[in-house]
1. By the gyration tensor of its Cα atoms, with a ≥ b ≥ c the square roots of the eigenvalues, what is the shape of segment 34-187: rounded for a/c under 1.5, prolate for a/b over b/c, or oblate?
2. At a Förster radius of 22 Å, what calculated FRET efficiency corresponds to the Cβ-Cβ distance of residue 175 and residue 251, to the nearest 0.05?
3. Take the alpha carbon gyration tensor of segment 203-278, find the square roots of its eigenvalues, order them as a ≥ b ≥ c, and report rounded if a/c is under 1.5; if not, report prolate when a/b exceeds b/c, else oblate.
4. Which FRET efficiency value, to the nearest 0.05, do you get for residue 88 and residue 145 by plugging their Cβ-Cβ distance into 1/(1 + (r/R0)^6) with R0 = 51 Å?
5. Report the gain in length on full extension from residue 222 to residue 54: 0.36 nm times residue separation, minus Cα-Cα distance, nm rounded to one decimal.
6. What number comes out for the charge environment of residue 319, summing +1 per Lys or Arg and -1 per Asp or Glu over other residues with Cβ under 12 Å away?
7. Rank these residues by their accessible area, most exposed first, probe 1.4 Å: 324, 135, 51.
8. Tell me, what is the percent relative contact order of segment 1-55, built from C-alpha pairs under 8 Å that lie six or more residues apart?
Amino acid sequence: MKKVVKFGGSSLADAKQFKKVAAIIQADESRVYVVPSAPGKRYDGDTKVTDMLLKAYDMASKGEDITGQVALIKDRYDEIIKGLELKDFSLDADFEEITKMLQEDPQKDYTASRGEYLNGKIMAAYIGYEFIDADEVIFFNEEGNLNTYKTERVLSRRLAETPKAVVPGFYGHGKDGNVKTFSRGGSDVTGSVVAQAGKVDIYENWTDVSGFLVADPRIVKNPATIKYITYRELRELSYMGASVLHEDAIFPVRYSGIPINIRNTNRPEDKGTWIVESTGQKSDFVITGVAGKKGFCTMLITKAMMNSEIGFGRRVLQALEDSDISFEHMPSGIDTMTVVVHEDEFLHKEQQVISTIHRLAKPDHIEISSDLALIAVVGRAMKSAKGTAMRLFTALAMADVNVRMIDQGSSELNIIIGVKNADFEKAIRAIYDGFCK
């Protein structure tokens, strides 16, 4: 058994958190590859180290004196080193190099990546693992995307020679020879890439929550934790706004059949959430999760005999494409088609789109409605549970929420409903109470 363990910024914010992380790693000998993030906030109002580094970059880019800012960043790391009692370990040379780089050739990605790089060096020294610089084993192509083939080839060979290693997250080697970073949250991606290349059995992603929740805790008080969620369910929920995992982190492990276990550094005894390709485990509830977003509008397009007119839908979508607008959903009837789009993309181009639809598709009538929120009710168990739709709409009716739109695919994995923006939070709570209490 081999595991990759990735730790988020809150898990490595100070020496006390480092000690918790080390205890977690040492409690299971199968935790052989560690992917650390940069130090996060220690308390409310604190600043993440990555943000401190980016401030230093901005100052350097403007020709300002960075001495004080770099000293503040170094103090954060020195505090961790002192708290861990690493007497023969120092980052002085590293900070000299960072300062020189900022003064002579400031590079944003290089600067932003140093938080993970330095934390990785501390972690490796503290737990006795080998440090592998991600710049040597993770590669990007000319477009700035992960070079999967080269990364897997080089990283697999390096990990095969290294029984236990720390590989810092968030960055790699760009095609131009400079350090290149993933988007924010990219340490999740590094963990997934290391899991795939290391041919591990489990990817543990440690953070400050005990797994994914059925609903947003800012809307629903103390929502239940999801024990098992499939990649498809996760994709639906994350697309609809659920704060889960960096989307790109899913694909490397998904196609290698490696499950992801979301765990809580501060509550290591909690089982967390398992993200899997498929499972026979029964859900605690009919639904797996509920999530949504505000700020949509609809175009109701009407034309007699629409259903028998070949190419009508294509021509409508062509009008959206011509205006560089994507659509979210497209429920339809015999003589009607509803297209759901983002308000902020659509409203300033609405007359242009309407004109193009009339020219291309010649509809009888177009009606636009705004002020729409979309909510996705997701669950693999819904297709085998009788009365799911009835429970959903009963719960909404009891909460005095009017449903303005309904869309359900043939997979029966999710039901999308549209409600007024003002009813969004009330609808989420009503759905949660209807299925999970």
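The values are calculated or read from the model by the stated rules, or taken from the named source; none is laboratory data. These figures come from a predicted structure and were not determined experimentally. Virtual Cβ from ideal backbone geometry, glycine too; neighbours counted across all protein chains shown. With ligands, DNA and RNA removed, areas are computed over all heavy atoms of the protein, side chains included. Shrake-Rupley method; radii C 1.70, N 1.55, O 1.52, S 1.80 Å.
1. oblate
2. Working: r = 21 Å, r/R0 = 0.94.
Efficiency, from the Cβ-Cβ distance: 0.60.
3. Numbers: a/c = 1.93, a/b = 1.23, b/c = 1.56.
Oblate.
4. Values: r = 40 Å, r/R0 = 0.79.
Taking R0 as 51 Å, the efficiency between residue 88 and residue 145 is 0.80.
5. Numbers: separation 168, 0.36 × 168 = 60.48 nm, distance 3.51 nm.
Fully extending the segment from residue 222 to residue 54 adds 57.0 nm.
6. Working: positive: 314, 315, 349, 359, 362; negative: 321, 322, 324, 350.
Local charge sum for residue 319: +1.
7. On the way: 324 130, 135 40, 51 65 Å².
Per-residue accessible area, sorted high to low, gives 324, 51, 135.
8. So the answer I get is 43 percent.
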